[in-house]
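Every number here is computed from the coordinates shown, using simple stated rules; none is lab data. Computed from a predicted model, the values in this text were never measured in an experiment. Backbone-built Cβ (ideal geometry, glycine too); neighbour counts: all protein chains shown.
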Amino acid sequence: MKKRRRILRLAALCAAVVLAGNLGACQGTGAEGTGDDTEAARAVQKEDADKSTVQEEYANADASKESSSEKEADGEADAGNDEQTQAPEADVDELSELLARETGEMISFEKNTYYLGDRFALWIEKGAVLPRDVADKIKEVMEKEEALYGLSYDDHLFAENATARDFFFGDGFRGIPYPEDKVNVMIRVYKNDGAVEWADTNEVVFFDEDFDPEKSSGEVFYHEMAHVLRLRQSPNLGSVLEEGIGNYAEWRIALELGTPCWEMIQYVDDDTYLITFDPSAMLEDPEKAFREYTLADRSSSQNEYQYGTRFVAFLMEEYGTDVIARLSEAAAKRQFTWQNVDVIEEILRETTSEDVFERFGAWLPEGWRRCSREILDSLIPFGL
Ligand SMILES: [Zn+2]
């Protein structure tokens, strides 16, 4: 039951962020106890959609002026976000100094705390409870995600847009330097307040339970870090591809680290599991479904996640594990937005083959059943 509730909860919250048009965001936890009730899930969905309006502020620098004015115009909706968007107070701890004083496996942070790594900055909200090795874990997962896709967090198409870092280390943590030559990934971890995790090119927001082995298997952490990595490379490739890349990473990183990826059960095609998703549209006309799901108002379905997970698994298998890197490289040379699905399809064909969708359709029935069995087998040791 717990597993099922987790899955339903995830579905509702993923949709929630999408509602606000924040394409970099998705996987959510944090509404424990509400996910198995549709009405409650909708309420959370609405609340989260409101909360996520402010996230677009960081979408990229070109958009930042625009979204500031949007934010002003939309002051009512943003009012509840102050806690998460205000620069932190200057009374802060430094993580390594804190760890020198504390001995426990789990650390309860009594002050806002920061950590400056070579490749990321971590900011932890006062009140959060995290494993003491959180910074090492982040580093490890970043390295594994880079290896998985052949991409680097060091690359950043929008390198000049240092909004997240400037915001926190310029205004909030006055006097604490964060040199320009450091990789500009800003990771913020809050004590859980029932909101939703999200990611963009420069920053990612988590809740402490995402790192707590007692409460989470790490899937959301892996998923959002994959978004950051991918979105740094090129314009947004649309929800089907981006969410597929997030989900595929979630699955593969969990396998590598030997942690269970329960969230993947909702994607399996297997006689022993009843899934509510109907794959007939994607089987009948894979290209049409790709276009529709990419362009759809993402408020009410899981289509893009379902399609994307299968599609990225197929791409990695059929066109080599560097396919996402090649796709990103080709996409970085173009000017487009996620709505330009024609351009996205062109880039896909250029990078893979003219008949990529036909081949996907042919691969799907057997290919995805094989992957599904692999997913289920991987969960058996964890009590499936
Ligand atoms: Zn996502």
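What the table shows:
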quantity: Around Gly150: net Lys/Arg minus Asp/Glu count, Cβ-Cβ under 9 Å; calculated: -1
quantity: Rg/Rg_globular for region 253-317, with Rg_globular taken as 2.2 N^0.38 Å and Rg from C-alpha atoms; calculated: 1.22
quantity: Cα pair count fraction exceeding 22 Å, expressed as % - region 204-288; calculated: 38 percent
quantity: Which of Ile275, Ile138 has the fewest Cβ neighbours within 10 Å, and the rest in rising order; calculated: Ile275, Ile138
quantity: Calculated P(r) of region 255-382 - Cα pairs past 17 Å, %; calculated: 62 percent
quantity: Placed amide H near Glu203: partners under 5 Å, 5+ positions off or other chain; calculated: Met186
quantity: Residues Ser239, Ser372, sorted so that the one with the fewest Cβ neighbours within 10 Å comes first; calculated: Ser372, Ser239
quantity: Rough spin-label spacing in nm, given labels placed 7 Å along Cα→Cβ, for Lys191 and Met106; calculated: 1.4 nm
quantity: Segment Glu329-Ala296, length gained on full extension (0.36 nm per residue, minus Cα span); calculated: 9.3 nm
quantity: Potential lengthening between Leu376 and Ser353 on full extension [0.36 nm per residue; Cα-Cα distance subtracted]; calculated: 5.2 nm
quantity: Contact order normalised by residue count of region 255-382, Cα under 8 Å, 6+ apart, percent; calculated: 41 percent
quantity: Neighbour-count ranking [beta-carbon atoms within 10 angstrom, fewest first] of Asp193, Asp208; calculated: Asp193, Asp208
quantity: Percent of alpha-carbon pairs separated by more than 11 Å within region 343-384; calculated: 69 percent
quantity: Segment Glu97-Lys137, extension gain: residue separation times 0.36 nm, minus the distance between their alpha carbons; calculated: 12.6 nm
